[in-house]
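Novice: There's a structure below that I have some questions on.
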Amino acid sequence: MKPPKLNPGASANQRSHRAKKELLMPLGLPAEMPSDWQAVALRKLDELRHQYRSLQLYLDICVRCGACADKCQFFLGTGDPNNMPVARAELLRKVYRRYFTPSGKLGGRLAAAEDLTDKVLDEWYAYFYQCSECRRCAVFCPYGIDTAEITMAAREIMASVGVATKYVTEVVKKAHEIGNNLGIPEAAWRDSCQFLEEEMKEETGADIKIPVNQPGAEVLLVPPSADLFANTDTMIGYAKLFHAAGVSWTTSTYASEAGNFGLFLNYEHLKKVNKRLVDAAKQLKVKRLVIGECGHAWRAAQAFMDTLNGPLDFLDAPRPEHICEFAARLIRDGRVKLNKTANDGVVVTYHDPCNVARAGGMLEEPREILRAVVSDFREMPADTIRERTFCCGAGGGMLADELMDVRMKGAKPRVEAFKTTGANFLATPCAICKAQLPVAFQHHGVEAQVGGVMDLLGKAIVI
């Protein structure tokens, strides 16, 4: 897409609903902003810049060259200059300069420094929650600055003074209390598993199980909870894969959610949500931990799990695996029999989720699976895939109805890339992408189906 015409303030009023005390207090966050909130926020900034040397480096070395400016889907969609990654980061950087650099302390605005005020905090809340932490800008930065880390720091600072979104805090609260983002109780989880088992029995004639809390299984699969209630073809795909390969597996009602929205709030809750997965694997005495089709689940697991709550040396495979890694290996080893004709008429392209590909480093396994199960697989343009993939537009805790306008504008680059392929099915291993992209396709007038890689694999598996 060409750079848009600048439209200052175009998305300034696009913001998530603020979390109220009934969500903040259970998470240990201030129910109301403290009277000395500036001091609290600055202490948190000081703590973070010393704790993470990368953050300190990113705050210091940006020369504002603008190489990242037209790489963000939200700037391309809205034209708002504050959605340029460099300008969004500058909202935090100017406060850092004012309080933590000699030039900012002495020169103030002359040194591009600014006091932390109510107005500045309001800008932070608007624009740092219009960043999906997708890190596309980092790919193009000549200094390697990871602007997502600046976004994460800004959100953690805001949380320290009781400023957070209703959507993110509500999801994190449910994950702590119930074990998944949708708030599904154990009885409903078991009932849904049984319902899908009956569907598979009717389709295949085989007794394909979705085990629950089964101790001693080889694999603990932790899917996004949406796979059991919304993306049911994905859940069926998991079950058929394990059944066909003869792999014992289980789900856990204690850790029935792979997605980790703590990644979008602060480190404390990133760690706490992640710990449920580790505890469940220990309690059930499994050999492997496999993460389902969720982008930020994979990022949190493969990038942070070992340092958050590791080591995972109690497992035979001492690192979490993505379901696509696991499935690709089974296919290579001849453990499952496939019939491509089951997907005849489906013209498929693949969307690399930001957190699976760019942040998670998994690029080829999903493509390997798709080429094995469909006859017509097509890539999107080279500058929009793999490490350069565009975000779907609703990652980073942005999948809220009140952000619909900016979500649809942010999705446009991905939709335009999809349209070049002539495909009628977009496959992606991410629950957020599977929630956002069908709405975006409808909004932008595209008729196509969105589903998981496991959806197509499940249809092609010969039982």
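Table: residues versus (1) at pLDDT 95 or above; (2) loosely packed, with under 12 Cβ neighbours inside 10 Å; (3) not assigned by TED's automatic domain parsing to the domain that holds TYR96.
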position	(1), (2), (3)
ARG15	no, no, yes
GLY28	yes, yes, no
MET33	yes, no, no
GLN38	yes, no, no
GLU47	yes, no, no
TYR52	no, no, no
ASP70	no, no, no
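Novice: Same structure again: So for the stretch 233-244 (the condition being assigned to a loop (DSSP other than H, G, I, E, B) and farther than 30 Å from GLU156 by Cα), does at least one residue qualify? Break it down stepwise before answering.
Specialist: To start, the set of residues in the stretch 233-244 that are assigned to a loop (DSSP other than H, G, I, E, B) comprises none.
No, the stretch 233-244 contains no residue that is assigned to a loop (DSSP other than H, G, I, E, B) and farther than 30 Å from GLU156 by Cα.
Novice: If ALA258 passes every condition in (1) in contact (Cβ under 8 Å) with a residue 60 or more places away in the chain; (2) crowded, with 21+ Cβ neighbours inside 10 Å; (3) assigned to a loop (DSSP other than H, G, I, E, B) but one, which one does it miss?
Specialist: (1)
Novice: Related question: Restricted to the stretch 263-286, and to residues that are among the β-branched types (Val, Ile, Thr) and assigned to a helix (DSSP H, G or I), which residue is surrounded by the most Cβ atoms within 10 Å (Cβ to Cβ)? I'd like the intermediate steps shown before the answer.
Specialist: Here is the first cut: in the stretch 263-286, the residues among the β-branched types (Val, Ile, Thr) are 273, 278, 286.
Imposing the further condition that a residue be assigned to a helix (DSSP H, G or I) reduces the set to 273, 278.
Numbers: VAL273: 27, VAL278: 22.
Result: VAL273.
Novice: OK, next. Counting just the residues of the stretch 305-325 that are assigned to a helix (DSSP H, G or I), hydrophobic (A, V, I, L, M, F, W, C) and without any contact (Cβ under 8 Å) to a residue 40 or more places away in the chain, which one comes out nearest to VAL278 (Cα to Cα)? Quick ask: steps written out before the conclusion?
Specialist: Residues of the stretch 305-325 assigned to a helix (DSSP H, G or I): 305-309, 323-325.
Retained after the next criterion (residues that are hydrophobic (A, V, I, L, M, F, W, C)): 305, 308, 323-324.
Retained after the next criterion (residues that are without any contact (Cβ under 8 Å) to a residue 40 or more places away in the chain): 305, 308.
Numbers: MET305: 8, LEU308: 10 Å.
The qualifying residue nearest to VAL278 (Cα to Cα) is MET305.
Novice: Select from the stretch 128-177 the residues that are among the hydroxyl-bearing types (Ser, Thr, Tyr), part of a helix (DSSP H, G or I) and crowded, with 24+ Cβ neighbours inside 10 Å and list them in ascending order.
Specialist: The initial filter retains those residues of the stretch 128-177 that are among the hydroxyl-bearing types (Ser, Thr, Tyr), namely 129, 132, 143, 147, 151, 160, 165, 167, 169.
Restricting the remaining residues to those that are part of a helix (DSSP H, G or I) gives 147, 151, 160, 167, 169.
If the condition is that a residue be among the hydroxyl-bearing types (Ser, Thr, Tyr), part of a helix (DSSP H, G or I) and crowded, with 24+ Cβ neighbours inside 10 Å, then THR147, THR151, THR169 are the ones that fit.
Novice: Looking at (1) at negative phi; (2) surrounded by 15 or more Cβ atoms within 10 Å (Cβ to Cβ); (3) not acidic (Asp, Glu), can you tell me which one LYS119 breaks?
Specialist: It is condition (2) that LYS119 fails.
Novice: Let me ask you something else. Quick check on the stretch 147-168: of everything there that is charged (D, E, K, R) and within 16 Å of the chain's Cα centre (by Cα), which residue is nearest to MET398 (Cα to Cα)?
Specialist: Quick first cut of the stretch 147-168, residues charged (D, E, K, R) only: 149, 155-156, 166.
With the extra rule that they be within 16 Å of the chain's Cα centre (by Cα), the set shrinks to 149, 155.
On the way: GLU149: 17, ARG155: 13 Å.
Only one residue fits best here, namely ARG155.
Novice: When residues of the stretch 61-109 are filtered for being in contact (Cβ under 8 Å) with a residue 40 or more places away in the chain and of a type in the set (D, E, K, R), how many remain?
Specialist: Total meeting the criteria: 5.
The values are calculated or read from the model by the stated rules, or taken from the named source; none is laboratory data. Note that the structure is predicted; figures quoted are calculated from it, not measured. Here the Cβ is made from the backbone with ideal geometry for all residues, glycine too, and neighbour counts use every protein chain on show.
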